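One structure is given below, encoded as structure tokens.
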Amino acid sequence: MIRPDAPILLEITNLHAQIDDQPILHGVNLTIRAGEIHALMGRNGSGKSTLSKVLAGHPAYTVTEGSVRFEGEDLLALSPEERARRGVFLGFQYPVEIPGVSNLEFLRVATNARRQQLGDDELDTFSFEDLVRERLGVVQMDPAFLDRSVNEGFSGGEKKRNEILQMALLNPRVAILDETDSGLDIDALRIVAGGVCQLAGPNNATLLITHYQRLLEAITPDFVHVMAAGRLLRTGGKELALELEERGYDWVDEELAAPRPASPVEAR
Amino acid sequence: MSTTSLESLVATPYKYGFVTDIETEKFSKGLDEDVIRRISAIKEEPPFLLDFRLRAYRHWLTMAEPDWAALSHPLINFQDIIYYAAPKQNAKKASLDEVDPKLLDTFEKLGIPLSEQKRLSNVAVDAVFDSVSIATTFKEKLSEHGVIFCSISEAVREHPHLIEHYLGSVVPLSDNFFATLNSAVFSDGSFVFIPKGVECPMELSTYFRINSGDTGQFERTLIVAEEGSSVSYLEGCTAPMFDTNQLHAAVVELVALDEASIKYSTVQNWYAGDADGVGGIYNFVTKRGHCRGRHSRISWTQVETGSAITWKYPSCVLQGADSVGEFYSVALTNNHQQADTGTKMIHVGPRTRSTIVSKGISAGSSSNTYRGLVQIGPKAVGARNFSQCDSMLIGDQAGANTHPYIRSQQPDADVEHEASTCRISEDQLFYLQSRGIGVEEAVSMMVSGFCRDVFNQLPMEFAAEADKLLALKLEGSVG
Amino acid sequence: MPTLSPLPPTARAPRGHDWLTALLKATAGPGGAAGSGADPLEAGREGARAALAHAGLPGRNHEAWRFTDPLPLTALAPHLLASPASAAPDQPSPLPAATGSTLRIHLDAPDTHARAAWPDGIERLEGEALRKAVLGSVLTDTGVEQEWAVALNTAIVPRVLALRVCGTVAPCLELVSQAGARGGVLPLRVLLLLEEGASLTLLQVHLAEGPSLTSVVMDIALGRDARLQHGLVARGVDEAALLAVTAVRQAAGSRWSQTSLCSGWGLARQEPVVLQSEGRADTRLRGLHWLEGHQLADTHSRMRFAGPEGSLDQLHKVVAAGESRSVFNGCVQVPRDAQRTHASQLSRGLLLSDRARIDTKPELEIVADDVRCTHGATISRPREEQLFYLRSRGIAAEQASRLLLRGVCEEVSAELPAAAGAWSPLSFLNAASQRP
């Protein structure tokens, strides 16, 4: 939902970042307002995942230039957990397994950290269980997953559903979903997409990172951005995704080969 | 997350390092037959025990300190140790009111209130201060069930026949250098006797406190569970911070008869020395359980967080048919701590089963060694063992060694061993952080998750305690 | 590890003194390095002889020999086996014919080495070239130089076969020794240098048919990106002993893959000792011991990663029947610099009799934090469920267990070089099934 007067949640300006001295992002500009759903598309290696990791504060990446403001605040100055508590959520492409740490306990601690930030009461074990069981419905997940270790031995689809469950519990302002559709069969995709749609509202925003059109059939984006070589090459509406599906990404190479426009591509 | 900040997480000040200022009756330093005779005389021991001590001492003189463990420390001068120290005017008091309030305060500060009003509900405590037991709670209630729970000195006087029958029957007086020394000079410790068919109505616990700076502690614990009985016992240990090393050489013997079950848990938090490795307890302990009867069960659970040096292998001799031995261990080392710990499971009888779960966490410049032996004897038809030894390394200066010996002489037996080494990965830490969980809590969650299989074995009352202790050890500023 | 030097002098004669003295005497004098006059082994020999005479045979107090007593060796004739190629009074059994794709070298017939048709890429080193090849440096680097089995070999071995390998060598190189029925001691020493990028398939075969000791030391250096596929088939008899040390130093990018099958020896001890001097190399070890009667087999492996990102994949299997004894000691050392090492070690023992015994002792020493190291050990008997499954498909119990045993062995034998097929490496299975 596009409302030009909606407050700006996330404002990325000329963002440059690198990992192990290798520059990946070369000046990303993107503004996201409340209520919007953005899709970020592009080939493997175009910098999509790097952008998501930088936004979440992964320590392996260094920001060399530019800024990111989240609700007016300097996001880059915050630790990963502070970002999460303020409402930035990253749904991982490859959620890591953490043997020994109970999923339920993990979800409770994370949820309470977020609630504390929002000024809500912490939930005790019992009321949390009620909440989590209710939210399980969003992703149609078996409660048995709660008793297992975080992501340990989960199938690809189960891991992704666990990510969406976390999103449902943490109630983020900006959710960045990194290739949430990869490795999902059609049913799992439907469930995950349904979860994302249910959770999208006028006060939060979603950034979907994908390189296929198929997730966007289930979730209609307000904006589609094409990323290449560490910057946003083009921005359009949902029709851009269809165009990509038809034409593929070859035109991107042509555009990259062409002289770079004088001003950075405007995201809106 | 850099390793330096992880390392700072595990550096935490020792909270039990205070010294109780109390007048103490001490022997002068050194060990000879006269010292042993005096210990025996003070404790009014029967002749058989003096004889036991002297035989041990004479044998000890012929022995050499073992050197096979992955430990290094300056030579211990056994003549530079005080072998007996006790708070003054202290014959054991008939009632707690007569116990020096300073001692009661000490234990209260350690979280072990002994007074009638504050004592832990449903846990009977024997409190040992340096060389003597100063109080045992709930004795009367226990005796209604026929359970004997008292200091070993008292047991020597009150139940000499039991002591004579069982003492040294599991750990013979010539067993090993430190056990033999203990047999010669042991001062106090606990004695537990659960008669036939009795399920001990409450948790039993002994709390060991070293107070004196130059005294060795040589406690001796003996637990006997008769046919069909069961008991759960926990020991806790702390000591003040001194910049010298104190020797602690204990012996624990467990005897389980037919269908008896003994669960022995330890939360060891002796002073570990400072960040440079100065001071701390040298903990050389011999613990062994003898599953004498059929269907008997002995279970060791230990959480080892303290001591400069830990040398300890709680073991089970599985003699009775269908008997069960278990060993669950968490050993956390930091700074310059050294731990060489593990277990021996000796399968003698048919269909005996054992389980070993060992979790070693090494941080700083510490070294953490698992050393174990699983032996399946020729008569142990149908015996089973499962062992799992996992190490977690924090920082690149810490070492983890794993030495699991396995010896099998019985084709109809299964022995299975698994081991792995891991660290807290940056990705796991980031994942938890990205869900709003702070670094300290994230590390603590992962460490406690790593140890969960072991904590699950602790008695309810103490599981939380152990988790807290580990969290404490992991508490600190984030770098 | 037992070294020879630090033993205190004792009043008593060292263990096995008489036998060792006789053996040393029988092997005194120049080793007979043909032609050049320079004996490349001379430098180390005197030291080794002195140390050996002083220390005697290792006993129980040596941790590395705790379960393996070499004392039975003293029953062997204390002289070197006559070379079967020069005079063959004991008529050893004929060997399978070598195929066109293999080059067979008789280690015990050194006079044939000069005449051998060495293929492209293999150069035999002699004289000056051999001395320059830094003979023994791998033994020093891997720390086995002082170990008893190596010292014994150094003390008595008359010559070394030294080969330099460049590029890819097409035929499989077969190094064969055969100790016939007459008895004695057969010391063998091979130096193998694989230059950068070299690639070789090697099959080492040791056979024994009489009361003999085959003492073999392989001294192998792999240059960067070199590949050595290394098979070892060792088949002995109850009166025969094998002491085989394989010391390997691997440069970055190299791969050493050894598969060994050992059966029949009264006493067999294998010591694969590997140093990844720069890390970033691959080591793959597959071993199977088949034991019957009163046989004893002992494998002491040691793997050290001196640099980052190395890998080890080790599987050791043993099948122990009769009153046999098996010892496995697998040491893996991951020092601080060896970050991102990936080591996995698995030992699987199968006890077929209640008079057999298996001792397993894995040792992991890890000081680097970013590593994945696992080890596992199992000792068990053939699985009832598997047996039942086969029987429920109509296979008789005895045949079913034979099938299962074959499966256990084939997991290892399948990785031998193709040329090993000619040596029937699993022949012990047939022998076993014919026994009552």
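The values are calculated or read from the model by the stated rules, or taken from the named source; none is laboratory data. All values derive from a computational prediction rather than experimental measurement. Here the Cβ positions follow ideal geometry from the backbone for every residue, glycine too, while neighbour counts run over all protein chains shown.
Being of a type outside the set (A, V, I, L, M, F, W, C) and either in a strand (DSSP E or B) or within 19 Å of B:CYS200 (Cβ to Cβ) (or both) narrows it down to one of B:ARG288, B:ARG294, so name that one.
Exactly one residue qualifies, and that residue is B:ARG288.
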What about B:ASP414, is it within 14 Å of chain A (Cβ to nearest Cβ) and either under 30 Å from A:LEU169 (Cα atoms) or modelled with pLDDT of 85 or more (or both)? no
The residue from B:THR402, B:THR421 that alone is at pLDDT 80 or above, surrounded by 20 or more Cβ atoms within 10 Å (Cβ to Cβ) and more than 14 Å from chain A (Cβ to nearest Cβ) is B:THR402
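Would you tally the residues in the range B:373-391 being crowded, with 24+ Cβ neighbours inside 10 Å and of a type outside the set (Gly, Ala, Ser)? Talk me through it step by step, then tell me what you get.
Narrowing the range B:373-391 to residues crowded, with 24+ Cβ neighbours inside 10 Å: B:374, B:376, B:380, B:383, B:385, B:387, B:389, B:391.
Those still in the list that are of a type outside the set (Gly, Ala, Ser) too: B:374, B:376, B:385, B:389.
Residues meeting the conditions: 4.
Which residue out of B:VAL170, B:VAL192 is part of a loop (DSSP other than H, G, I, E, B), under 24 Å from B:SER229 (Cβ atoms) and touching a strand residue (DSSP E or B) at 6+ places or on another chain (Cβ under 6 Å)? Working first, answer last.
Numbers: B:VAL192 fails: part of a loop (DSSP other than H, G, I, E, B).
The unique qualifying residue is B:VAL170.
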Which condition number does B:GLY395 fail, the rest of (1) without any contact (Cβ under 8 Å) to a residue 60 or more places away in the chain; (2) within 7 Å of chain C (Cβ to nearest Cβ); (3) over 18 Å from C:PHE328 (Cα atoms); (4) not acidic (Asp, Glu) being met? (1)
For the structure I just gave you, tell me whether B:ASP105 is modelled with pLDDT of 70 or more, farther than 20 Å from B:LEU234 by Cβ and surrounded by 18 or more Cβ atoms within 10 Å (Cβ to Cβ). no
Only one of C:GLU128, C:GLU147 is out of contact with any strand residue (DSSP E or B) (no Cβ under 7 Å at 6 or more places or on another chain), acidic (Asp, Glu) and at pLDDT below 90; which? C:GLU128
Please specify each residue of the range C:96-112 satisfying the condition of being among the hydrophobic types (A, V, I, L, M, F, W, C), within 19 Å of the chain's Cα centre (by Cα) and within 14 Å of C:THR201 (Cβ to Cβ). C:ILE105
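Kindly evaluate B:LEU247 against the criterion of being surrounded by fewer than 24 Cβ atoms within 10 Å (Cβ to Cβ) and touching a residue at least 40 places away in the same chain (Cβ under 8 Å).
Values: surrounded by fewer than 24 Cβ atoms within 10 Å (Cβ to Cβ): yes; touching a residue at least 40 places away in the same chain (Cβ under 8 Å): yes.
It is true that B:LEU247 is surrounded by fewer than 24 Cβ atoms within 10 Å (Cβ to Cβ) and touching a residue at least 40 places away in the same chain (Cβ under 8 Å).
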Checking the structure you have, find out if any residue of the range C:56-71 is surrounded by fewer than 19 Cβ atoms within 10 Å (Cβ to Cβ), in contact with a strand residue (DSSP E or B) (Cβ under 7 Å, 6 or more places away or on another chain) and either in a helix (DSSP H, G or I) or without any contact (Cβ under 8 Å) to a residue 24 or more places away in the chain (or both). no
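Restricting to the range B:140-160, name every residue that is assigned to a helix (DSSP H, G or I) and under 22 Å from B:ILE42 (Cβ atoms). I'd like the intermediate steps shown before the answer.
Looking only at the range B:140-160, we keep the residues that are assigned to a helix (DSSP H, G or I), and these are B:140-144, B:152-158, B:160.
B:ILE152, B:SER153, B:GLU154, B:ALA155, B:VAL156, B:ARG157, B:GLU158, B:PRO160, listed by residue number.
Just one of A:SER52, A:SER67 is under 21 Å from A:MET227 (Cα atoms), away from chain B (no Cβ under 14 Å), in contact (Cβ under 8 Å) with a residue 12 or more places away in the chain and of a type outside the set (A, V, I, L, M); which is it?
On the way: A:SER52 fails: away from chain B (no Cβ under 14 Å).
One residue alone meets the criteria, A:SER67.
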Scan (1) over 20 Å from A:MET41 (Cα atoms); (2) touching a residue at least 12 places away in the same chain (Cβ under 8 Å); (3) not in a loop (DSSP other than H, G, I, E, B) for the single condition A:ALA144 breaks and write down its number. (2)
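Grab the strands (runs of 3 or more DSSP E) fully contained in the range C:231-306, keeping just those with 2 or more residues being of a type in the set (Gly, Ala, Ser), farther than 25 Å from C:THR374 by Cβ and touching a strand residue (DSSP E or B) at 6+ places or on another chain (Cβ under 8 Å). Even if it seems obvious, please write down each step before you answer.
Numbers: elements: C:241-250, C:255-263, C:267-276, C:282-291, C:296-305.
Of the strands (runs of 3 or more DSSP E) lying wholly inside the range C:231-306, those with at least 2 residues that are of a type in the set (Gly, Ala, Ser), farther than 25 Å from C:THR374 by Cβ and touching a strand residue (DSSP E or B) at 6+ places or on another chain (Cβ under 8 Å) span C:241-250.
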Do you know which of the residues in the range C:350-359 that are surrounded by 21 or more Cβ atoms within 10 Å (Cβ to Cβ) and modelled with pLDDT under 90 is nearest to the other protein chains (Cβ to nearest Cβ)? C:LEU351
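Could you tell me which residue of the range B:437-448 is surrounded by the most Cβ atoms within 10 Å (Cβ to Cβ), considering only residues that are touching a Phe, Trp or Tyr at 6+ places or on another chain (Cβ under 9 Å) and small (Gly, Ala, Ser)?
Taking the range B:437-448 as the starting set, the residues that turn out to be touching a Phe, Trp or Tyr at 6+ places or on another chain (Cβ under 9 Å) are B:437, B:442, B:445, B:448.
Next, from what is left, pick out any that are small (Gly, Ala, Ser): B:442, B:448.
Working: B:ALA442: 26, B:SER448: 20.
Applying the filter and picking the extreme gives B:ALA442.
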Matching residues, the range C:220-230, being surrounded by fewer than 24 Cβ atoms within 10 Å (Cβ to Cβ) and either at positive phi or not in a strand (DSSP E or B) (or both): C:GLY223, C:ARG224, C:ASP225
For the list (1) crowded, with 23+ Cβ neighbours inside 10 Å; (2) assigned to a loop (DSSP other than H, G, I, E, B); (3) in contact with a Phe, Trp or Tyr (Cβ under 9 Å, 6 or more places away or on another chain), I need the number of the one condition that C:ALA377 fails. (2)
Working only within the range A:178-202, note down all residues that are surrounded by 20 or more Cβ atoms within 10 Å (Cβ to Cβ) and part of a loop (DSSP other than H, G, I, E, B). A:GLU179, A:THR180, A:ASP181, A:LEU184
Identify, from the list A:GLY91, A:GLY100, the residue that is within 13 Å of chain B (Cβ to nearest Cβ), in contact (Cβ under 8 Å) with a residue 60 or more places away in the chain and either among the small types (Gly, Ala, Ser) or in contact with a Cys (Cβ under 9 Å, 6 or more places away or on another chain) (or both). A:GLY91
Among the candidates C:GLU365, C:GLU398, C:GLU385, C:GLU309, which residue alone is surrounded by fewer than 21 Cβ atoms within 10 Å (Cβ to Cβ), acidic (Asp, Glu) and modelled with pLDDT of 90 or more? C:GLU309
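Does the range C:323-361 hold any residues that are of a type in the set (A, V, I, L, M, F, W, C) and either within 15 Å of C:ILE379 (Cβ to Cβ) or under 19 Å from the mean Cα position of the chain (by Cα) (or both), and which are they?
Scanning the range C:323-361 gives C:VAL327, C:PHE328, C:CYS331, C:VAL332, C:LEU346, C:LEU350, C:LEU351, C:LEU352, C:ALA356, C:ILE358.
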Quick one: B:ASP453 ticks every box in (1) at pLDDT 90 or above; (2) closer than 17 Å to B:ALA331 by Cβ bar one, so which box is it? (1)
When only residues in the range B:427-449 that are within 13 Å of A:GLU82 (Cβ to Cβ) and facing chain A (nearest Cβ under 7 Å) count, which is modelled with the lowest pLDDT? B:GLY438
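State all residues of the range B:258-285 that are part of a loop (DSSP other than H, G, I, E, B) and in contact (Cβ under 8 Å) with a residue 40 or more places away in the chain; if no residue qualifies, say none.
B:ASP258, B:ALA260, B:ASN269, B:TRP270, B:TYR271, B:ALA272, B:GLY273, B:ASP274, B:ALA275, B:ASP276, B:GLY277
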Could you list, ordered by first residue, the pairs with Cβ atoms under 7 Å in which the first is in the range C:111-140 and closer than 15 Å to C:ASP39 by Cβ and the second is part of a helix (DSSP H, G or I), at least 6 apart or interchain? C:GLY136/C:GLY44
